[in-house]
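The values are calculated or read from the model by the stated rules, or taken from the named source; none is laboratory data. It should be emphasised that the depicted structure is a prediction, and the values quoted were computed from it without experimental measurement. When we count neighbours, we look across all protein chains shown, and the Cβ atoms used for this are built from the backbone with ideal geometry, even at glycine.
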Amino acid sequence: MNISRRKVLRSAAIAATVAMPMRGAFAQKAEFTYKYANNLPLTHPLNLRSKEMADAIRTETKGRIDIQIFPNNQLGGDTDMLSQLRLGGIDFFTLSGLILSTLVPAASISGIGFAFGDYPTVWKAMDGELGAYVRGQISKAGIVPMEKIWDNGFRQITSSTRPIATPADLKGFKIRVPPSPLWTSMFEALGAAPTSINFAEVYSALQTKIVDGQENPLAIISTAKLYEVQRYCSLTNHMWDGFWFLANRRAWEKLPPDLQAVVARHINAAGLKERADVAELNAGLQNDLASKGMVFNQPDTTAFRDQLRKAGFYGEWKGKYGSEAWAILERSVGKLA
């Protein structure tokens, strides 16, 4: 078992305490008690690092800020929790930019199909001009984004029926996608039959054959135990996905500037650690998942990219994002349309 996998399992018992609101030694003196929600299992690096982050914030502020963590869709599905964040029922929320695009269309631009070839390209873009542009658009929607986007990973396609080696294998393929127009558009362009389902319902939808497959990073395939209901995993790297750490504006503005600085610093530092965790975890997950019965294949992605161009996918989304946003993307990743 590799170091990352062992670390995740060793931390699982500790992380289980995240399921209940966390209160430390200073909790009775807390001036600001905030709810942070996410959609990931307790053992995912995002939750392990979030617990460390909340503890560090509580300690440094001498208990003035108490961040309670609600993981694994405890407070609802993605779209419901986004609504709660906007209304103030949730104070912090981590959400994929691809799902956030239902409110902030530009947030999904980092998930354009086959845009990023590797992680150095991802971080150069998201810590640079492209990330700054998206944060600006999120801010216009009345939500406060933290500076560093957390890693979800490159997404892979899993199936209960067959490996996906070429675009032809996707013809009529019933695949679960998150509730985001970009996903639906991309898989329709590839000939599949996408169905939008919130993550909380994915396992049961696969188990009951409502859909034949889904797509997610290896870390989520592992921590959500999707290998129990999926046989094949095709390493398509078709989209990169990250989690924006978002704050309700009213809750954020209640914090004095010095406390805002402390919270932002710890959130961003935890995000960088989570990126390293996911990279380390993914390095050993293919072997681990194979030992659980998953069968892997590595498709040539050229045909998929060509199919998207032929179907007008890139041209369509260039028009939707606008020339300014598309130019920033292509300065980061090269010519697409």
> Would you pick out the residues in region 245-259 that are crowded, with 17+ Cβ neighbours inside 10 Å and not aromatic (Phe, Trp, Tyr)?
Replying inline: 246, 247, 248, 251, 255, 259
> How many of the residues in region 79-107 are under 19 Å from residue 251 (Cα atoms) and assigned to a loop (DSSP other than H, G, I, E, B)?
Replying inline: 4
>> For region 199-225, which positions are surrounded by 15 or more Cβ atoms within 10 Å (Cβ to Cβ) and in contact with a Gly (Cβ under 9 Å, 6 or more places away or on another chain)?
In response: 199, 200, 206, 216, 217, 218, 219, 220
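Quick check: anything in region 245-254 under 16 Å from residue 199 (Cα atoms), touching a residue at least 40 places away in the same chain (Cβ under 8 Å) and not in a helix (DSSP H, G or I)?
Residues of region 245-254 under 16 Å from residue 199 (Cα atoms): none.
The answer is no, given that none of the residues of region 245-254 is under 16 Å from residue 199 (Cα atoms), touching a residue at least 40 places away in the same chain (Cβ under 8 Å) and not in a helix (DSSP H, G or I).
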>> Residues to consider are 313, 304; find the one that is among the aromatic types (Phe, Trp, Tyr), in contact with a His (Cβ under 8 Å, 6 or more places away or on another chain), buried (at least 20 other Cβ atoms within 10 Å of the Cβ) and at negative phi.
In response: 304
>> Going through 158, 166, 184 one at a time, which residue ends up being among the β-branched types (Val, Ile, Thr), out of contact with any Pro (no Cβ under 8 Å at 6 or more places or on another chain) and either within 30 Å of residue 302 (Cβ to Cβ) or buried (at least 22 other Cβ atoms within 10 Å of the Cβ) (or both)?
In response: 158
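Hey, among 67, 99, which residue is buried (at least 24 other Cβ atoms within 10 Å of the Cβ) and more than 17 Å from the chain's Cα centre (by Cα)? Steps first, please.
Working: 99 fails: more than 17 Å from the chain's Cα centre (by Cα).
On inspection, the qualifying residue turns out to be 67.
Yes or no, residue by residue, for (1) within 28 Å of residue 87 (Cα to Cα); (2) of a type in the set (Ser, Thr, Tyr); (3) outside any loop (DSSP other than H, G, I, E, B):
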site	(1), (2), (3)
109	yes, no, yes
113	no, no, no
120	no, no, yes
132	yes, no, yes
136	yes, no, yes
144	yes, no, yes
> What number of residues within region 304-337 are more than 20 Å from residue 127 (Cα to Cα) and among the aliphatic types (A, V, I, L, M)?
Replying inline: 4
>> With the requirement that a residue be part of a helix (DSSP H, G or I) and within 15 Å of residue 224 (Cβ to Cβ), what does region 40-78 give you?
In response: 45, 46, 47, 78
> Could you list, in sequence order, the residues of region 62-87 that are touching a helix residue (DSSP H, G or I) at 6+ places or on another chain (Cβ under 6 Å) and modelled with pLDDT of 95 or more?
Replying inline: 63, 65, 66, 67, 69, 71, 75
